[in-house]
1. Counting just the residues of the stretch 196-215 that are crowded, with 21+ Cβ neighbours inside 10 Å and of a type in the set (A, V, I, L, M, F, W, C), which one comes out nearest to the ligand (Cβ to nearest atom)?
2. Does the stretch 140-156 contain any residue that is modelled with pLDDT of 95 or more, over 21 Å from Pro244 (Cβ atoms), near the ligand (Cβ under 10 Å from one of its atoms) and among the aliphatic types (A, V, I, L, M)?
3. Which of the residues spanning the stretch 157-175 are in a loop (DSSP other than H, G, I, E, B), near the ligand (Cβ under 7 Å from one of its atoms) and either under 19 Å from His269 (Cα atoms) or small (Gly, Ala, Ser) (or both)?
4. Return the residues of the stretch 236-252 that are outside any loop (DSSP other than H, G, I, E, B) and more than 23 Å from the chain's Cα centre (by Cα); say none if nothing qualifies.
5. Could you list, in sequence order, all residues of the stretch 179-214 that are assigned to a helix (DSSP H, G or I) and over 16 Å from Ala245 (Cα atoms)?
6. Report, by residue number, each residue of the stretch 79-119 that is of a type in the set (Gly, Ala, Ser) and free of Cβ contacts under 8 Å to residues at least 12 places away in the same chain.
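The values are calculated or read from the model by the stated rules, or taken from the named source; none is laboratory data. Not measured: the values here are computed from a predicted model. Because the Cβ atoms are built from the backbone with ideal geometry, glycine has one as well, and the counts that use them run over all protein chains shown.
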Amino acid sequence: MTAEQSTVASMDKIAPIRVLVTGANGQLGRELMLRSDPAYELFGFGRDELDIADLAQCRAAVEQVRPHAVIHCAAYTAVDRAEADADNAYQVNAAGSRNIAIAAREAGAKLAYVSTDYVFDGRSTTPYNEYDETNPLTVYGKSKLAGEQLVQSLHDRYFIVRTAWVYGAHGANFVRTMLRLGEAGGTVKVVSDQFGSPTYTADLAQMLLSLIATEAYGIYHATNSGSCSWYEFAAAIFEEGGLPAKVEPCTTAEFPRPAPRPAYSVLDHSAIRANGLPPMRHWREALRDFMHQLRTPKG
Ligand SMILES: NC(=O)c1ccc[n+]([C@@H]2O[C@H](COP(=O)([O-])OP(=O)(O)OC[C@H]3O[C@@H](n4cnc5c(N)ncnc54)[C@H](OP(=O)(O)O)[C@@H]3O)[C@@H](O)[C@H]2O)c1
């Protein structure tokens, strides 16, 4: 290579997008941190390194990393506990998101805030689009919506990314619970009157990374496509896993919880379509892939 060619080659090399990830030890955060795409350089902060409830810590983390974008996964996610612990849920999901929005804006970094289907009341019978009216029924949903509103008022280059029914290889989730119960055999009762879209963390992480590389700011619904009930989801998990247990449908009324779940929280992906982003694959295909990954020895 001549000197001239080598200069052109080095100018062509695009610097990776520097991304600060909050909640890096959660199930989505850990998935993000395991991505190995040379287009992104990820800097993860778990709760021990960055408590988002502390604005000074948010500013220090952003100053340290100097990110082009922040993917904000940290949240108070204990939906039932939040009903009796509202102050702490708001402190993390509302005030913590405010702090992250302030720090990201001061540093000139884009912000992707991960939100939830729980901002809707679940009374619809057709998929919710990004501009449908929100009406959260729970403290968790209200505190996440407050986080959305603070992000919108304090930052001008944001992606609010609502997702639902998240599962993956890390942390506690429905698929891992069903796999454990399914291996034990017998019969498992699962509610058949709540509908949504299961979402694989690997697909959600990819969507978040794709979004922050754009300037198509706004609200997004990002779940795997298609929908099912929890009962149908459990049956698919047992089938894909070849597990001996049987699944039996039951009603929400049979299993009362402190925080009411939305009966229908299927999200329409109109912003993904409108902005020409790649659609998220069907939940069943994603589940099959996840189960395959679980069975594939690492290394
Ligand atoms: N899981 C779902 O089905 C689902 C559905 C819709 C939307 N979402 C949203 O998706 C995002 C990621 O959820 P996830 O499933 O990855 O949840 P997760 O596994 O509970 O992860 C959340 C992480 O945030 C951390 N955190 C809590 N308070 C914090 C604080 N004050 N400062 C810094 N970190 C703090 C938690 O740490 P500790 O464990 O130490 O508390 C945890 O590691 C969240 O915004 C959630 O609201 C999740």
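1. Only one residue tops the list, namely Leu204.
2. no
3. Answer for the stretch 157-175, where residues must be in a loop (DSSP other than H, G, I, E, B), near the ligand (Cβ under 7 Å from one of its atoms) and either under 19 Å from His269 (Cα atoms) or small (Gly, Ala, Ser) (or both): Ala164, Trp165, Gly171.
4. Phe238, Glu239, Glu240, Gly241, Lys246, Val247, Glu248, Pro249, Cys250, Thr252
5. The answer is Thr201, Ala202, Asp203, Leu204, Ala205, Gln206, Met207, Leu208, Leu209, Ser210, Leu211, Ile212.
6. Correct list: Gly108 only.
This table checks each residue for (1) in a helix (DSSP H, G or I); (2) small (Gly, Ala, Ser); (3) over 16 Å from Ser153 (Cα atoms); (4) over 20 Å from the mean Cα position of the chain (by Cα).
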| site | (1), (2), (3), (4) |
| --- | --- |
| Ile71 | no, no, yes, no |
| Tyr76 | no, no, yes, no |
| Ala84 | no, yes, yes, yes |
| Ala89 | yes, yes, yes, no |
| Gly96 | yes, yes, no, no |
| Asn99 | yes, no, no, no |
| Leu111 | no, no, no, no |
| Asp121 | no, no, yes, no |
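Conditions (1) closer than 19 Å to Asp203 by Cβ; (2) in contact with a strand residue (DSSP E or B) (Cβ under 6 Å, 6 or more places away or on another chain); (3) of a type outside the set (S, T, N, Q), marked per residue:
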position	(1), (2), (3)
Leu150	no, no, yes
Ser153	no, no, no
Ala164	yes, yes, yes
Tyr167	yes, no, yes
Gly171	yes, no, yes
Thr177	no, no, no
Leu181	no, yes, yes
Thr187	no, yes, no
Val190	no, yes, yes
